[in-house]
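Before any comments, here is the structure.
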Amino acid sequence: MEIRTKARQWGSSIAVILPKAFVDSKRIKPNDEVILEVRKNPLAGNFFGKFPIKNGKSVQEIKDEMRKGWH
């Protein structure tokens with residue numbers, strides 16, 4: 001079962017809150033040790049340059065085309 005939650009500031013630490021349904025389904029109790037797998041959602045800008053471009057345009061040309069609709 002995968003859940004999505006946000007990390008939040010808690011004093012000088014970062015905390016995540018597990019939804020009750022998830023806690024109940026996994027029978028998690030206070031002071032139980034749990035193992036988390038952390039995967040951050042990548043920003044769209046992180047994808048530029050990671051995949052081969054098949055249309056022959058440079059990354060800058062693609063970004064310029066995308067920005068045309070923003071003006």
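The numbers here are math on the coordinates, done by the rules we state, and not lab data. The shown structure was predicted, so the numbers you read here are calculated from the model rather than taken from an experiment.
Scalar couplings 3J(HN,Hα) for region 7-23, obtained by applying the Karplus form with A = 6.51, B = -1.76, C = 1.60 to θ = phi - 60°, are 6, 10, 6, 9, x, 9, 10, 10, 10, 10, 9, 8, x, 4, 4, 5, 4 Hz; x denotes Gly and Pro.
Phi angles across region 58-69 convert, under the Karplus curve 6.51 cos²θ - 1.76 cosθ + 1.60 with θ = phi - 60°, into 3J(HN,Hα) values of 7, 4, 4, 5, 5, 4, 4, 5, 5, 6, 4, x Hz, Gly and Pro given as x.
Close amide-amide hydrogen proximity is noted between I28 and no other residue 5 or more places distant or on a separate chain, at a cut-off under 5 Å (H modeled in the peptide plane; Pro and chain starts excluded).
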